[in-house]
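Trainee: Take a look at this one; I'll ask things after.
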Ligand code: RB5
């Protein structure tokens, strides 16, 4: 799978761990930066990753900042994006099974690199359940049209 990834300074350590994990699993990773721990503005990276996913250039995306919250708020402004911020295993599986989340947001000040890898693995390996959730995602999509 072709996966976009981006971070700010708060998520830089997690990015290195998640990129290494994704590549070890054979995924093609498109790294939109940041490429070091210098202080930067997370909306810049959220927009790049969200647009790569929304355009279909990448199938999914991962965004990492201090909490994951700012990245998720920014990414969800882009039409077609369903970005989920979380820090526990149940939510990592549920955001795929129920919400078909196409971007995962994690916080470098919330989870360890090891936990970030585990949550990424759960998110990617859990299939979307479809069924009643299709109708709900369609309802969410109409919010994009009514902006
Ligand atoms: C940067 O200090 C911090 O605000 C950012 O990484 C993130 O946590 C925002 O939601």
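The values are calculated or read from the model by the stated rules, or taken from the named source; none is laboratory data. Bear in mind the structure is a predicted one, so any value in this text is a computation, not a measurement. Cβ coordinates were reconstructed from backbone atoms using ideal geometry, including for glycine residues, and neighbour counts include every protein chain displayed.
Trainee: If only one of 119, 104 is crowded, with 21+ Cβ neighbours inside 10 Å, within 21 Å of residue 133 (Cα to Cα) and either within 14 Å of the ligand (Cβ to nearest atom) or modelled with pLDDT of 95 or more (or both), which one is it?
Mentor: Values: 119 fails: within 21 Å of residue 133 (Cα to Cα).
Selected residue: 104, the only one of 119, 104 that is crowded, with 21+ Cβ neighbours inside 10 Å, within 21 Å of residue 133 (Cα to Cα) and either within 14 Å of the ligand (Cβ to nearest atom) or modelled with pLDDT of 95 or more (or both).
Trainee: Here are some residues: 144, 41, 131, 36. Which one is more than 13 Å from the ligand (Cβ to nearest atom) and either in contact with a helix residue (DSSP H, G or I) (Cβ under 8 Å, 6 or more places away or on another chain) or under 15 Å from residue 7 (Cα atoms) (or both)? Write out each step before concluding.
Mentor: Values: 144 fails: either in contact with a helix residue (DSSP H, G or I) (Cβ under 8 Å, 6 or more places away or on another chain) or under 15 Å from residue 7 (Cα atoms) (or both); 41 fails: more than 13 Å from the ligand (Cβ to nearest atom); 131 fails: either in contact with a helix residue (DSSP H, G or I) (Cβ under 8 Å, 6 or more places away or on another chain) or under 15 Å from residue 7 (Cα atoms) (or both).
On inspection, the qualifying residue turns out to be 36.
Trainee: Still on this structure, I have one more. With the requirement that a residue be in contact (Cβ under 8 Å) with a residue 40 or more places away in the chain, part of a helix (DSSP H, G or I) and more than 15 Å from the ligand (Cβ to nearest atom), what does region 3-30 give you?
Mentor: 16, 17, 18, 21, 22
Trainee: So, one more: Determine which member of the set 75, 83, 46 is in contact (Cβ under 8 Å) with a residue 24 or more places away in the chain, within 11 Å of the ligand (Cβ to nearest atom) and buried (at least 23 other Cβ atoms within 10 Å of the Cβ).
Mentor: Details: 75 fails: within 11 Å of the ligand (Cβ to nearest atom); 83 fails: within 11 Å of the ligand (Cβ to nearest atom).
One residue alone meets the criteria, 46.
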